[in-house]
1. I'd like the Karplus ³J(HN,Hα) series for the range 87-100: coefficients 6.51, -1.76, 1.60, θ = phi - 60°, whole numbers in Hz, and an x wherever there's a Gly or Pro.
2. Rounded to whole Hz and in sequence order, give me ³J(HN,Hα) for the range 40-55 from the Karplus expression 6.51 cos²θ - 1.76 cosθ + 1.60, θ = phi - 60°, writing x for Gly and Pro.
3. Could you give the nm distance between label points at residue 78 and residue 97, where each point is 7 Å from its Cα heading toward the beta carbon?
4. Place the peptides 47-56, 82-91 in order of packing, highest mean first, counting for every residue the other Cβ atoms within 10 Å and averaging per peptide.
Amino acid sequence: MSSEHIAATTSDQSADRKFATPSRYGVDARNATESQPRKGEIRLSFGYFYVVLLWGKERRSMARFREDRKRYPVVTAANMPVLILVWSMIFMATSFAAVGSLKLLVYLFG
């Protein structure tokens, strides 16, 4: 084979691969639309483990949502440390907000 033929074949294959490879979420880039972006995503890595927090509009059907909840339950032994941490942070934040609000009210009206 000539070097021109090899270069042309390689560039054709890489162009085909670019369109054939799905994105990391399994969606073909050619079918994705600009109107369906994810609202937010935070990815944190802590050496031996990582945390991903995604948020946005729920687009799954209720049947699929229920099936996913059965397949991937939230309350498991592996999830408990994170759930306890999140609930503790929420409790602390609301406690500080309540105490601060009460102190402000006493200062203003007391």
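1. 5, 5, 5, 5, 4, 5, 5, 5, 5, 5, 5, 5, 5, x
2. Values, residue by residue: x, 7, 10, 10, 10, 10, 10, x, 8, 9, 9, 10, 10, 10, 10, 8 Hz.
3. That separation, rounded to one decimal, is 3.2 nm.
4. Values: 47-56: 8.6, 82-91: 10.5.
With the highest mean Cβ count within 10 Å placed first, the list reads 82-91, 47-56.
We did not get these values from a lab; they are worked out from the coordinates using the rules stated. Only a predicted model underlies this, so the values are computations on that prediction, with no experimental measurement involved. Heads up, the Cβs are rebuilt from the backbone with ideal geometry, glycines too, and the neighbour counts pull from every protein chain shown.
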